[in-house]
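Everything below concerns the one structure shown next.
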Amino acid sequence: MPQGAAQASDSHVDDDLDDGVEGLPSLELANLTSAPASSRGAAAPSSSPGGTPAPPSGQPGTPRPAPAARPTPAPAVSVRPAVFVDPIDVVAFANYGAAPRAWFEAPIYAVRVMQRQRDLGRELARQRKLASDADDAVVERMARAAEALRGRIDPEHPAIGLYGQLGKYDELTQSRSVALHETSRQYAEQLAQVDERMSAEEEQRSKLARLVEDAALELGRLSAERARNEAKSKRIEIELRSAHDAARLAAGPDAKFAPPEHAHRIAALESDKAARAAELVPIMEAWTDAAEVARRRQSDEREARKKVTALRDERKRIEQTAEHQLEVRSEGARQAERDRFAAYAEVARAVLAKRPDDLTEAERGDIAAAEKRLAAAERDLELHVRAFEAADQPALRKGLALMLGGVVLVLVLFVAAIVRSGPADSPSPRSAPPATSR
C-alpha cells in the first residue's frame, strides 16, 4: 500500500479499502512469539452460525472471503463453527403437536402450525436482532482491547506491525465524523437564521395586529358617533316636514306665507338642521380617515402573516432536507465505525491467537463474556430457525390443500344453489277489459 494513500480524498480511501480488507487476515503473525498454552484459552476466536472452524488468522492456507461490494467493506472476520441444537429441543420448542394420522386431521394440523409459526416469526425477528447485537458487542470489545493495547506497547513490540494497515480506517472514520458534525452545524445555523427571521416577523405581525385592533376600535367609535348625528339629523328633517305641513294647514290653501308662530318654528328647525350638518362634516372626515387606516393596517398584517407562513414552510423544507442529509451522513459514519471496529477486532484476534498475555485479564474476561453471550444468542437463534421449519411439510401441504378445496367446494355449492333457484316466475299480465259501447 503506498504511503500517500492516507492523505487522499474520501473517495480514494474508499477505493483502497478492498486491498486492506484482504490484507488484514494475512497480517504478519510470524513475528509474534507464541505464549504458553495455559494462557491461550481466555478468549478463543468467535464463531458464526452455519460456518465451519477456521485456522487462526495469518496461518498459511487460511481462506479469505471476498470483499463485500460496497464502498467501505468491513474486514473479514473469523468463521465460527456451526451451532449445535438438539433435535429434541427443536421439536419441543416448535410445539406443533403430533403429525396427523388421518386425512381429516390434516386441516387442523395446518391451522395449528400456521398459528404457531406466526408467533415464532415474531420471536425469530427478535432473536436475529439479539444475535446481531451480541456479535457487534464481541467486535466492539475486541476493538476496544486492540485500541488499548496500541497505547500500551512500544514501537519495538512484535505486535506493532499489526496496526500498520489500520490508518485508513481511522482516517475514514474521522473524516466522516467531521463531515457529519459539519453538516449538522450548517443546518443548525440555517434553522437558527430562519427562526430569528420568523421571530422578528412574528413580533412585527403581533404589533400590526394590535394596531389593527386599535384602528378597529377607533373606527367603531367614529361609526357610532356618525350614526348618532345622522339619527339626530333625520329627526330634525322629520320635525321640519311636520312643521311645514302644520303651517300650510294653519295658513289655508290660498296663503303665501306661514303664520308667524309656525314661521319661527320652521326657522329654528332649519337652523338646527344646518348645525347638525356642520357637525357631521368633521365626523365623516375622521371616519373616512380611520377606515383608510384600518384598511392599510389590515393589509400590512396580512402581508406579515404571509411572511411568517412562508418562513415556516422554508423551515420545514430545511428540516426535511437536513433529516435526509444527516441520515445519510450518520449511516456513513456508523458504517465507517463498524468497519474500523472490525479491523481492530482482527488485530485483537491475532493477538489472542499468539500473545494473549498482551491483553489485560479484564480485557480477556470482557471478550470471553461477550463471546459467551454471543454463543447463547446464536443457539437461541438457531433453535428458532429450526423450530420454524420443523413442521411436517407433507402433512402441512395436505392440510392447506384440503382447506382450499373445502373453500372452493362451499363456493361452488353456493353458486349452484343460486342458479337452481333462478328468478321468481313473473305473473302473467291481466287481460284488458273488453271495450264497452256507449
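The values are calculated or read from the model by the stated rules, or taken from the named source; none is laboratory data. Remember, predicted model here, so these are calculated numbers, not experimental data. Counting neighbours? That spans all protein chains shown, and the Cβs are built from the backbone with ideal geometry, glycine included.
Contact annotation: residue pairs with Cβ atoms under 8 Å, 6 or more positions apart or on different chains, pairing a residue in segment 222-234 that is touching a residue at least 40 places away in the same chain (Cβ under 8 Å) with a partner that is β-branched (Val, Ile, Thr) and surrounded by 12 or more Cβ atoms within 10 Å (Cβ to Cβ), are LEU222/ILE283; GLU225/ILE283; ARG226/ILE283; ASN229/ILE283. Inclusion of SER184 among residues that are among the polar types (S, T, N, Q), in contact with an Asp or Glu (Cβ under 6 Å, 6 or more places away or on another chain) and within 30 Å of ALA343 (Cα to Cα) is not warranted.
Of the residues making up segment 212-253, those that are surrounded by fewer than 13 Cβ atoms within 10 Å (Cβ to Cβ) and of a type in the set (Ser, Thr, Tyr) number 1.
Does any residue of segment 151-162 turn out to be modelled with pLDDT of 85 or more, buried (at least 19 other Cβ atoms within 10 Å of the Cβ) and in the same structural domain as HIS384 (by TED's automatic domain parsing)? There is at least one residue in segment 151-162 that is modelled with pLDDT of 85 or more, buried (at least 19 other Cβ atoms within 10 Å of the Cβ) and in the same structural domain as HIS384 (by TED's automatic domain parsing).
Summed over segment 153-211, residues that are without any contact (Cβ under 8 Å) to a residue 40 or more places away in the chain and closer than 21 Å to ARG305 by Cβ total 8. Looking at ALA350, ALA304, ALA322, just one residue is touching a residue at least 60 places away in the same chain (Cβ under 8 Å), assigned to a helix (DSSP H, G or I) and closer than 30 Å to ALA179 by Cβ, and that residue is ALA322. Which of the residues that make up segment 280-301 are touching a residue at least 40 places away in the same chain (Cβ under 8 Å) and surrounded by fewer than 12 Cβ atoms within 10 Å (Cβ to Cβ)? If the condition is that a residue be touching a residue at least 40 places away in the same chain (Cβ under 8 Å) and surrounded by fewer than 12 Cβ atoms within 10 Å (Cβ to Cβ), then no residue fits.
Every condition in (1) surrounded by fewer than 18 Cβ atoms within 10 Å (Cβ to Cβ); (2) part of a loop (DSSP other than H, G, I, E, B) is met by ARG126 except one, and the failing one is (2).
Looking at segment 109-152, which of its residues are among the aliphatic types (A, V, I, L, M) and free of Cβ contacts under 8 Å to residues at least 24 places away in the same chain? MET114, ALA125, listed by residue number.
In segment 303-313, how many residues are out of contact with any Leu (no Cβ under 6 Å at 6 or more places or on another chain) and either hydrophobic (A, V, I, L, M, F, W, C) or more than 14 Å from GLU202 (Cβ to Cβ) (or both)?
Qualifying residue count, segment 303-313: 4.
Residues being at pLDDT 90 or above, assigned to a helix (DSSP H, G or I) and surrounded by fewer than 18 Cβ atoms within 10 Å (Cβ to Cβ) are entirely absent from segment 79-86. When segment 161-173 is filtered for residues that are in contact with a helix residue (DSSP H, G or I) (Cβ under 8 Å, 6 or more places away or on another chain) and part of a helix (DSSP H, G or I), the ones remaining, listed by number, are LEU162, TYR163, GLY167, LYS168, TYR169, ASP170, GLU171, LEU172, THR173. Beta carbons closer than 6 Å, at least 6 apart along the sequence or on distinct chains, never pair a first residue in segment 397-412 that is farther than 18 Å from ILE108 by Cα and assigned to a helix (DSSP H, G or I) with a second that is modelled with pLDDT under 90 and not hydrophobic (A, V, I, L, M, F, W, C). Determine, yes or no, whether GLU201 is at pLDDT 95 or above and of a type in the set (D, E, K, R). Answer is no for this residue.
Just wondering, is there one or more residues in segment 169-177 that are among the β-branched types (Val, Ile, Thr) and surrounded by 15 or more Cβ atoms within 10 Å (Cβ to Cβ)? Looking through segment 169-177, at least one residue is among the β-branched types (Val, Ile, Thr) and surrounded by 15 or more Cβ atoms within 10 Å (Cβ to Cβ). Being closer than 22 Å to GLU371 by Cβ, touching a helix residue (DSSP H, G or I) at 6+ places or on another chain (Cβ under 9 Å) and surrounded by fewer than 17 Cβ atoms within 10 Å (Cβ to Cβ) narrows it down to one residue among ASP195, ASP133; which is it? Sole residue among the options that is closer than 22 Å to GLU371 by Cβ, touching a helix residue (DSSP H, G or I) at 6+ places or on another chain (Cβ under 9 Å) and surrounded by fewer than 17 Cβ atoms within 10 Å (Cβ to Cβ): ASP133. Take the conditions part of a helix (DSSP H, G or I), modelled with pLDDT of 90 or more and not assigned by TED's automatic domain parsing to the domain that holds GLU303 and apply them to GLU189. Does it pass? Judged against the criteria, GLU189 is a match.
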